[in-house]
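Presented below is the structure to which this report refers.
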Amino acid sequence: MDLAARYLQKGALYPEFIEESPAPGTGIIIVIPAFNEPEIAVCLSSLARCNPPPVPAEVIIVVNSPASSGLSGIEANAITLMAIHEWRRVAGQTFFRLYVIDAGQPALTGWGVGTARKTGMDEAVRRFCKLGYPDGVIVSLDADCKVADNYFTALWHDFALDRNAGACSISFRHREENGEEANPAINAMRQYELHLRYFVRALRFIGYPYPFHTIGSAVAVKVYRYVGAGGMSRNQGGEDFYFIGKLVVSDDFINLNSTTVFPSARLSARVPFGTGPAISTMIKSGAGDYLTYAPESFIPLRAFFGKFSTGCSPAGAGDDYGLVPDDIRSFVDVNEWNHRKQELKDNTSSPAMYSKRFFAWFNAFRIVKYLNHVHGTLYVKMPVAMAASRLLTMSGIETASRDVNGLLESYRILDSF
């Protein structure tokens, strides 16, 4: 655990919060950031209904609010704390230990969900350090989620005990309560979830080797991989995308499809992007369709990766930029291309190493930047149902449905394999 101890010394923002020692053999710690979460009892009740794992488990809630939320944030979190206290009183003893970190309204610049998530996950590292357990499982969840009954047992049996797995993306599907089918938020949520799944399916289509979902409420990581990746990002939004992006490039990142997280389809302005803001924007604007990237914009990436991801063209050092697809050249100029190509050549000794470093450069974040660059100039975004249907056709996958509901179910099934 020396690496974890060094990480805490250099990377942790706060000293220890929880004085009570963890139970011997603790194997799973769930971390939940909570800002203005009066319904957090729904999440806690869902966790409490789960089948207990064969090891002790903990749940750490980090109640917090950014300074920009002012007095209203403090008052909202007071309600959250009371809701947790009342839930604990009514629920009584549970199979997991519940700890609450009241972070208040920190003065740290840029405080947001990323910093709150990092605070809780760093505390989980401390807990496992006390046990000397580098394989301890740290799970990131959101306060608006429910989970499947086998959530803890699947995390233990199918992830913790898998010596070849260091981190995982957990299967998810946004939940729809009975009677909400006509709710505009449900229609918006279905479209946004289809967009998420469409993007990952497009990554598979172009040959990107790490096509995983990057959702902060549906990811788990072992201690040694968490600290090895430098801990959770402090971004105010998209912290999951950046952090998981560092994890997926390792061979020990897996999809955990044996259990499911059910995020809420609620409106939200807590973070600048994600499900909540996407749904809010659609409803407020009156937009009937969620617009996503045109599937044709991925084709140049497929050609580019197929030609260059395992080594440069046999052409001369100064000649192969002309072989780069035009769309990619509009995004990567000749100077960057020659610099990257030489850097890759100088620091790799095999096609496998070359490919790994190539995709460390042209990663999912750069793919998104490329897509944003070419849309509005070379391509036009289109309704997600149209794009998702067209991508399946381009991939040779048959589907009988062309509407959002049918396509979403088809994509969910595809993601389960």
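The values are calculated or read from the model by the stated rules, or taken from the named source; none is laboratory data. Source: prediction; values computed, not measured. Here the Cβ positions follow ideal geometry from the backbone for every residue, glycine too, while neighbour counts run over all protein chains shown. Areas reflect the complete protein model, heavy atoms only, side chains present, ligands, DNA and RNA absent. Shrake-Rupley method; radii C 1.70, N 1.55, O 1.52, S 1.80 Å.
Overview of values
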item: Fully extended contour minus Cα-Cα distance, from ASN183 to GLU86, at 0.36 nm per residue; result: 31.9 nm
item: For HIS195, net neighbour charge (Lys/Arg +1, Asp/Glu -1) across residues whose Cβ lies under 12 Å away; result: +2
item: Anchor LYS381: lysines whose Cα lies under 23 Å away (excluding residues fewer than 8 positions away in-chain); result: LYS284, LYS369
item: Nearby lysines by direct alpha-carbon distance to LYS222 (threshold 26 angstrom, same-chain neighbours under 8 apart not counted); result: LYS10, LYS118, LYS130, LYS146, LYS246, LYS356
item: Contour excess over end-to-end distance, with Cα ends at LEU323 and ALA5 and 0.36 nm allotted per residue; result: 109.7 nm
item: Where TYR290, TYR224 fall by accessible area, highest first, once all protein chains stay in place (1.4 Å); result: TYR224, TYR290
item: Accessible heavy-atom area order of MET82, MET353, highest first, probe of 1.4 Å; result: MET82, MET353
item: Structure-derived log10 I(q)/I(0) by the Debye sum over Cα atoms at q = 0.09, 0.10 Å⁻¹ - corresponding label in (1) -0.81, -0.89; (2) -0.60, -0.73; (3) -0.51, -0.64; result: (2)
item: Expected 222 nm ellipticity per residue - DSSP helices of 4 or more, -39500 (n - 2.57), all of the chain, to 500; result: -13500 deg cm²/dmol
item: Accessible area of the chain belonging to carbon and sulfur atoms, whole % at 1.4 Å probe; result: 53
item: Hits among aspartates and glutamates - C-alpha to C-alpha of LYS345 under 15 Å, sequence gap 8 or more where chains match; result: ASP320, GLU336
item: Full-stretch length increase - ILE74, SER401 - with 0.36 nm per residue and alpha-carbon distance subtracted; result: 113.0 nm
item: Accessible surface, per residue, of region 1-142 when the full set of protein chains is kept, probe 1.4 Å, Å²; result: 43
